[in-house]
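Encoded as structure tokens, the structure appears first; notes follow it.
The values are calculated or read from the model by the stated rules, or taken from the named source; none is laboratory data. These numbers were taken from a predicted model, which means no experiment stands behind them. Note: ideal-geometry Cβ built from the backbone for every residue, glycine included; neighbour counts use all protein chains shown. SASA here: full protein model, heavy atoms, side chains in, ligands and nucleic acids out. Shrake-Rupley method; radii C 1.70, N 1.55, O 1.52, S 1.80 Å.
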Amino acid sequence: MNQYDVTVVGSGPGGYVAAIRCAQLGLKTALIEKYPTLGGTCLNVGCIPSKALLDSSEHYHNAHSVFAEHGIGLDNLTVDMNRMIDRKAGVVKANVEGIGYLMKKNKIDVLTGVGAFVDKNHLSITPLGGGEAQQIETKNVIIATGSKPTVLPFIAQDKQRIITSTEALNIREVPKHMIVIGGGVIGLEMASVYARLGAKVSVVEFMDSLIPTMDRGLGKELKRVLGKIGIEFFMSHKVTGATREGDTVTVTATNAKGEEVTFEGDYCLVAVGRAPYTAGLNLEAAGVAMEERGRIKVDEHLQTNVPGIYAIGDVIRGAMLAHKAEEEGVFVAETIVGQKPHINYLLIPGVVYTWPEVAGVGYTEEQLKEQGKAYKVGSFPFKASGRARASGDTDGFVKVLADKTTDEILGVHMIGPRIADLIAEAVTAMEFRASAEDVARMSHSHPTYAEAMKEACLAATENRAIHM
Ligand code: FAD
Ligand code: NAD
């Protein structure tokens, strides 16, 4: 029987990063993945394919609706969905093969099949379709089995017309009318893809705000801007059912007045969150305890109630984000070898890859109010940015929240062009506990979108913005 120092179950961004860090630290490491391709949700049916389609659809939208104002004319513009989806598949393939290469480079044994506990130090690996299982012995286990789309019990998803994000990444036609249940991250990213390609898109959201967990100002501005590409929003609508007849889907919802509202379309995307995934792991055999909502319970070292068994990523508490899972993978590997790593969960940024992009880090204004914290606000709109005017991306703003007394930056919330990358400056500043004035006094290249961060920090510092 093969023996390992560490066995990682699940090859998503949590699992494969944990495995690499373990190997770097000299631990004999195995990685168990039930599917034939590595990379988990993120690489196969999440972050990477969605961004490939967001980029493709953005090119089409620009060619269709933006090029003309730059003086560029195009005749006979077409969308070839087969080619777009095949390109996306190629992007995914290159990425998952890259992970395979990294496993070989780091001498990690990849074991393909469903991993299940036999006891706390033994795991069986059974091929997905059944067949002979192999067993291994291991000193430590890192559970990184991720999540699956939440299922609404009153909706029968046929995965053809009533679909999850997985199928939404594979539609080989432009829908006529896509009804999206949920105005969260997945709902808005996929709504953007198909609205840009010419579909009518209706987003039906339970709350009165889009992306409700982010700073409220961001959802408000995003709703306004996405409305400009034709997406219709039905806020404070609780979906109560969805049925299919032929190629027609009918979605019912209850609005804020308690009235029943009906939507008819050809596709319905259910995007109401994701749930931790532990099916098939046989956690009971190892005695691993769970907590609410199907998550594995962990302590501050990300160790379960069983010594030597850890859990990371979407399967435990916290934001369901690839970079959160990655940080936790590194954290556990370093903990196993006796190091004292640290994760500052407050400074894990959240990003929505719509256009304009949306990003936030630190406390939201709503959280600061709730805490009764004295804070000041510095805001800078992209319409006052020379770089944004040059590219025509003048929607959005950067908002900096700083401690009223010490000027320490407490939160940064942005909506605008390329801010998925720009938020990294805010994370760096906050990780070093910078004041708004610290950032305001740093040189930012001109003309860049990043100048909006400097200007918002200037605005927070005695209202000293220069270009506003
Ligand atoms: P996962 O990536 O879910 O990987 C878990 C792996 O474990 C899977 O490969 C699964 O097959 C395997 N597994 C499960 N059980 C077993 C078992 N018993 N034996 C063997 N293998 C098993 N996050 C971002 O940060 N940025 C984004 O832009 C982004 N976009 C997204 C877009 C979409 C459409 C979706 C659905 C998600 C997106 N996410 C994004 C979220 C991100 O994908 C997840 O947070 C991330 O993948 C979680 O990583 P993980 O390692 O915890 O689990
Ligand atoms: P979400 O939690 O972001 O949004 C779900 C939305 O559905 C919420 O706004 C909720 O109010 C709404 N909702 C729930 N029940 C409803 C009902 N009956 N009727 C109408 N609306 C209802 O979840 P998601 O968009 O499915 O994304 C799942 C996870 O994947 C998120 O946690 C996110 O972190 C991750 N993800 C991240 C990215 C990114 O980082 N860019 C992209 C995609 C997904």
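Summary of computed values
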item: Solvent-accessible surface ranking, highest first, for ASP407, ASP55 at 1.4 angstrom; result: ASP55, ASP407
item: Prolate/oblate/rounded label for segment 241-390 (Cα gyration tensor, a/c 1.5); result: oblate
item: Taking only Cα atoms of the chain, radius of gyration then Dmax in Å; result: 23.5, 69
item: Residue order for THR78, THR138 - accessible surface, 1.4 angstrom probe, largest first; result: THR78, THR138
item: Pairs from LYS88/LYS223; LYS107/LYS297; LYS34/LYS238; LYS34/LYS93 whose Cα-Cα separation, in the structure shown, is over 24 Å; result: LYS88/LYS223; LYS107/LYS297; LYS34/LYS238
item: Å² per residue, accessible surface of the chain at 1.4 Å; result: 45
item: Förster-model FRET efficiency, 25 Å R0, LYS238 and SER65, C-beta, rounded to 0.05; result: 0.15
item: Share, in percent, of DSSP beta bridges within the chain that are antiparallel, nearest 5; result: 60
item: Spin-label pair LYS297/GLU173, simplified geometry with 7 Å Cα→Cβ offset, distance in nm; result: 5.0
item: LYS369 accessible area, assembled protein chains, probe 1.4 Å, Å²; result: 130
item: Global form of segment 162-272, assessed from the alpha-carbon gyration tensor, a/c cut-off 1.5; result: oblate
item: Cross-link pairs beyond the 20 Å C-alpha cut-off, checked among LYS105/LYS148; LYS28/LYS139; LYS220/LYS404; LYS228/LYS383; LYS324/LYS373; LYS148/LYS200; result: LYS105/LYS148; LYS220/LYS404; LYS324/LYS373; LYS148/LYS200
item: Listed peptides 141-151, 104-114, 348-358 by packing density, highest first (mean Cβ within 10 Å); result: 141-151, 348-358, 104-114
item: Net charge of neighbours whose Cβ lies under 12 Å from the Cβ of HIS122, counting Lys and Arg as +1 and Asp and Glu as -1; result: 0
item: Low-density loop positions, GluC sites (Glu not before Pro), segment 360-468 - DSSP coil, at most 16 other Cβ in 10 Å; result: GLU462
item: Rounded if a/c under 1.5, otherwise prolate or oblate - segment 356-460, Cα gyration tensor axes; result: prolate
item: Aspartates and glutamates with Cα under 17 Å of LYS104, excluding same-chain neighbours fewer than 8 positions away; result: GLU33
item: Share of carbon and sulfur in the accessible heavy-atom surface of the chain [1.4 Å probe, %]; result: 51
item: Solvent-accessible area of LYS139 with every protein chain in place, 1.4 Å probe, in Å² to the nearest 10; result: 130
item: Inter-site label distance for GLN339 and LYS404 at 7 Å from Cα along Cβ, in nm; result: 4.1
